[in-house]
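The values are calculated or read from the model by the stated rules, or taken from the named source; none is laboratory data. Remember, predicted model here, so these are calculated numbers, not experimental data. Glycine also receives a Cβ, built like all others from the backbone with ideal geometry; neighbour counts cover every protein chain displayed. Accessible surface is based on the protein model in full, side chains and every heavy atom, while ligands, DNA and RNA are left aside. Shrake-Rupley method; radii C 1.70, N 1.55, O 1.52, S 1.80 Å.
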Amino acid sequence: MLLGGLGGLYGVTAGPKVLAAPIMPPDLSKCHDAKAPALHDHCCPPYDPSETISEYGFPATPLRVRRPAHLVKDDQEYLDKYKEAVRRMKNLPAEHPWNYYQQANIHCQYCNDAYYQQNTDDVWIFLPWHRYYLHFYERILGKLIDDDTFTIPFWNWDTKEGMTFPAIFQDASSPLYDPKRDQRHVKDGAILDLKYAYTDNPASDSEIIRENLCFIQKTFKYSLSLAELFMGDPVRAGEKEIQEANGQLEVIHNAAHMWVGEPDGYKEDMGDFSTAARDSVFYCHHSNVDRMWDIYRNLRGNQVEFEDKDWLDSTFLFHDENEQLVKVKIGDCLNPTKLRYTFEQVPLPWLGKINCQKTAETKSKATTELSLTRVGEFGTTPQALDASNPLRVIVARPKKNRKKKEKQEKVEVIQIKDIKVTTNETARFDVYVAVPYGDLAGPDYGEFVGSFVRLAHGKKGSDGTQEQGAKKKGKLKLGITALLEDIDAEDADKLVVTLVLRTGSVTVGGVSIKLLQTDTPAVI
């Protein structure tokens with residue numbers, strides 16, 4: 001995702017072809033008001049024109065180990081260090097680049113358009129940018145307590161034991177505490193819902209846990225053969241008229257942001273891009289997102305996702321643990337060991353055998369109606385999604401009954417184009433696939449494939465004016481090769497694709513099924 005809205009985007013795709021180049025750091029002297037109403041539109045850092053930019057000297061320390069948040073809650077020595085480091089960070093002078101709120105504002109600056117990047121619409125790239133962001137935050141905390149081995153924990157929400165809000169952030173007297181959270185979710189053992197859309201899931205805890213594990217499993221299983229399905233498309237300078245392109249890891253990430261942040265107003269702190277990093281759980285959450293990327297890369301044999309010099313040479317700026325302004329490249333962060341950290345090895349239940357087909361509980365909801373409904377093709381006119389009437393379309397497949405070699409060479413993908421979302425509101429729709437009966441569809445939507453999510457996010461146009469109510473196009477790509485094997489649908493000529501609007505105002509411009517070239521034959 002190219003971070004242009006919490007809802008969204010790892011990467012982008014260009015409109016007209018232009019000469020591309022690596023994304024380069026913005027001009028720090030030209031920071032301006034962001035579209036961040038929760039912060040009165042201001043999150044620019046102090047600017048020192050005499051400050052020089054250096055190459056980062058990667059650490060040569062012993063390998064540091066990040067641990068699960070739910071397992072460190074009884075390690076009092078570690079917790080005392082963590083709290084003391086954050087307390088010292090919060091007590092630094094307000095203008096110091098290490099100050100807790102200056103660190104948090106970095107997130108606002110890049111995602112809420114406080115900078116403009118020449119020849120492109122945005123200035124950062126989701127997974128690599130956050131890997132560096134967390135690295136420098138972690139190194140600064142360690143420096144403040146003189147502990148070169150210090151690491152931030154990860155919110156282990158991909159296992160049953162870690163799916164509740166981490167207890168280490170709940171003590172109101174702790175510097176790790178943030179009052180701007182949805183108190184219904186962060187107390188009393190509520191289970192994180194990775195399909196959350198500002199309406200609490202009525203399902204049992206065990207069913208939510210199962211759905212969460214299945215969502216994570218499908219995210220990996222359906223995207224291993226093509227990185228852009230997991231991460232979104234790569235981005236380069238010079239690409240204009242971009243479309244937001246969701247990777248499914250970011251969809252999962254977005255749901256946790258929504259679930260923790262306040263349900264009303266600006267959705268502070270975690271539910272709004274401009275304020276998300278003011279909550280210490282932000283870094284713990286992103287530590288697990290970073291871990292998910294590391295696991296994904298390991299499952300693919302640590303293959304480089306995009307063998308593209310422009311992508312690998314894209315460069316970011318951060319203040320390091322020595323108070324130096326340094327530049328770093330994507331190509332240098334693909335392996336966390338270069339940054340001298342790793343993750344404690346814990347069970348991965350979503351890699352095991354889970355019944356991810358519809359359970360008796362979910363099937364019973366689908367049998368309340370027995371009638372079949374005639375479903376047509378999408379057509380050529382954009383269609384608005386309606387929460388009370390899901391959009392269902394018949395979509396022809398490019399080829400049925402493909403052989404194993406063909407599947408290794410090309411992955412079958414649902415493509416939803418020209419997605420438009422009002423920029424200042426949250427939106428989510430879920431996508432389901434079923435086999436039709438001729439041109440008829442049953443009441444059951446079929447199997448969940450993935451989602452589009454975009455959090456409330458106001459942006460500025462290139463002229464500096466706010467895009468109130470404007471809409472920006474996006475697209476969604478979801479792999480279905482493995483899904484069709486799982487539901488014995490490889491013989492189907494056509495599929496019923498159902499879009500279920502969960503929240504927000506969304507129109508889509510088309511739904512199709514394509515075959516895309518894979519970048520690895522790996523499978524779970």
Residues of the range 294-317 classified as assigned to a helix (DSSP H, G or I) and either among the aromatic types (Phe, Trp, Tyr) or in contact with a strand residue (DSSP E or B) (Cβ under 9 Å, 6 or more places away or on another chain) (or both), total: 6
Members of the range 133-149 that are among the hydrophobic types (A, V, I, L, M, F, W, C) and open to solvent by 10 Å² or more (accessible area, probe 1.4 Å): 144, 145
Residue in the range 372-382 that is out of contact with any helix residue (DSSP H, G or I) (no Cβ under 6 Å at 6 or more places or on another chain) and among the aliphatic types (A, V, I, L, M) present: yes
Long-range neighbours under 6 Å by Cβ, at least six apart or interchain, first residue touching a residue at least 40 places away in the same chain (Cβ under 8 Å) and under 20 Å from residue 420 (Cα atoms) within the range 245-261, second of a type in the set (S, T, N, Q) and part of a helix (DSSP H, G or I): 248/219
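Residue-by-condition table, conditions (1) touching a residue at least 24 places away in the same chain (Cβ under 8 Å); (2) among the charged types (D, E, K, R); (3) in contact with a His (Cβ under 6 Å, 6 or more places away or on another chain):
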site	(1), (2), (3)
205	no, yes, no
209	yes, no, no
263	yes, no, no
274	yes, no, no
277	yes, no, yes
Count of residues meeting criterion [surrounded by 11 or more Cβ atoms within 10 Å (Cβ to Cβ) and at positive phi] in the range 26-56: 1
Selection status of residue 490, modelled with pLDDT of 95 or more and either part of a loop (DSSP other than H, G, I, E, B) or in contact with a His (Cβ under 9 Å, 6 or more places away or on another chain) (or both): yes
Criterion: touching a residue at least 12 places away in the same chain (Cβ under 8 Å) and either out of contact with any helix residue (DSSP H, G or I) (no Cβ under 9 Å at 6 or more places or on another chain) or farther than 19 Å from residue 281 by Cα (or both) - qualifying residue of 85, 36: 36
Residue satisfying condition, being in contact with a strand residue (DSSP E or B) (Cβ under 8 Å, 6 or more places away or on another chain) and either at pLDDT 95 or above or of a type in the set (Gly, Ala, Ser) (or both), within set 321, 412, 406: 412
Every residue from the range 426-448 that is out of contact with any Asp or Glu (no Cβ under 6 Å at 6 or more places or on another chain), surrounded by fewer than 20 Cβ atoms within 10 Å (Cβ to Cβ) and in contact (Cβ under 8 Å) with a residue 24 or more places away in the chain: 432, 435, 437, 439, 440, 442, 444
Qualifying residue in the range 114-132 (condition: over 22 Å from residue 22 (Cβ atoms) and surrounded by fewer than 19 Cβ atoms within 10 Å (Cβ to Cβ)): no
Number of the condition not met by residue 229 [criteria: (1) out of contact with any Leu (no Cβ under 9 Å at 6 or more places or on another chain); (2) at pLDDT 95 or above]: (1)
Number of the condition not met by residue 22 [criteria: (1) surrounded by 14 or more Cβ atoms within 10 Å (Cβ to Cβ); (2) within 23 Å of residue 94 (Cβ to Cβ); (3) not β-branched (Val, Ile, Thr)]: (2)
Residues being aliphatic (A, V, I, L, M), assigned to a helix (DSSP H, G or I) and modelled with pLDDT under 90 - total across the range 346-371: 2
Any hit, the range 291-309, residues being hydroxyl-bearing (Ser, Thr, Tyr) and under 16 Å from the mean Cα position of the chain (by Cα): yes
Selection count, the range 316-340, where residues are under 17 Å from residue 29 (Cα atoms) and surrounded by fewer than 16 Cβ atoms within 10 Å (Cβ to Cβ): 1
Criterion violated by residue 306 - all others in (1) open to solvent by less than 40 Å² (accessible area, probe 1.4 Å); (2) farther than 24 Å from residue 216 by Cα; (3) at pLDDT below 95 satisfied: (2)
In the range 383-399, the residues that are open to solvent by 70 Å² or more (accessible area, probe 1.4 Å), within 19 Å of residue 433 (Cβ to Cβ) and either touching a helix residue (DSSP H, G or I) at 6+ places or on another chain (Cβ under 9 Å) or of a type in the set (A, V, I, L, M, F, W, C) (or both): 399
Scan of the range 297-315 for residues that are touching a helix residue (DSSP H, G or I) at 6+ places or on another chain (Cβ under 6 Å) and farther than 14 Å from residue 233 by Cβ, ordered by number: 312
Qualifying positions in the range 207-224 - more than 25 Å from residue 271 (Cβ to Cβ), in contact with a strand residue (DSSP E or B) (Cβ under 9 Å, 6 or more places away or on another chain) and not in a loop (DSSP other than H, G, I, E, B): 221
Qualifying residue in the range 411-421 (condition: open to solvent by 20 Å² or more (accessible area, probe 1.4 Å), touching a residue at least 40 places away in the same chain (Cβ under 8 Å) and in a loop (DSSP other than H, G, I, E, B)): no
Qualifying residue in the range 156-166 (condition: under 20 Å from residue 73 (Cβ atoms), out of contact with any helix residue (DSSP H, G or I) (no Cβ under 7 Å at 6 or more places or on another chain) and not aliphatic (A, V, I, L, M)): yes
Enumeration of residues in the range 249-268 that are open to solvent by 10 Å² or more (accessible area, probe 1.4 Å) and not aromatic (Phe, Trp, Tyr): 262, 263, 264, 265, 267, 268
